[in-house]
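Novice: Before I ask anything, let me first share the structure, which is written out below as structure tokens.
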Amino acid sequence: MNAHRALRGSLRESGKLIICLSDEHINKLIEIKSNAGSPGDMLEDMLDEMLMELEK
């Protein structure tokens, strides 16, 4: 949880974006890429979710 607070604080204070990826996220990104998909879509979804949580 502290890492998530640090991520939000970094974005608020300096405008720097940090996305935390778990092993599961990395595996999913690799799977998407190997199936000729766009891993960027998953990252965009994660970013959207993070920004929406930040506004709360």
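Novice: Roughly to the nearest percent, how much of the accessible area of the chain is carbon and sulfur, given a 1.4 Å probe?
Specialist: 53 percent
Novice: Moving on to the next point. Send over a whole-number figure in Å² for the accessible area per residue of the chain, probe 1.4 Å.
Specialist: Numbers: 4580 Å² over 56 residues.
Here the per-residue accessible area is 82 Å².
Novice: Taking the 0 to 90 degree range and rounding to the nearest ten, how far is the long axis of helix 23-34 tilted relative to the main principal axis of the chain, both from C-alpha atoms?
Specialist: 40 degrees
Novice: Sum up the charges of everything whose Cβ sits under 13 Å from the Cβ of Pro39, counting Lys and Arg as +1 and Asp and Glu as -1, but leave Pro39 out.
Specialist: Around Pro39, the charge tally is -2.
Novice: Please work out which option in (1) 33; (2) 23; (3) 49 gives percent of Cα pairs over 16 Å apart calculated from these coordinates, and answer with its label.
Specialist: It is the one labelled (3).
Novice: What number, rounded to the nearest 500 deg cm²/dmol, is the helix-based mean residue ellipticity at 222 nm of the chain, given -39500 (n - 2.57) per DSSP H run of at least four residues and division by all its residues?
Specialist: It comes out at -23500 deg cm²/dmol, rounded to the nearest 500.
The values are calculated or read from the model by the stated rules, or taken from the named source; none is laboratory data. Just so we're clear, the structure is a prediction, and the values are computed from it rather than from any experiment. So basically every Cβ, Gly included, is an ideal-geometry build from the backbone, and we count neighbours across all protein chains shown. Keep in mind that these areas ignore ligands, DNA and RNA; they rest on the heavy atoms of the full protein, side chains included. Shrake-Rupley method; radii C 1.70, N 1.55, O 1.52, S 1.80 Å.
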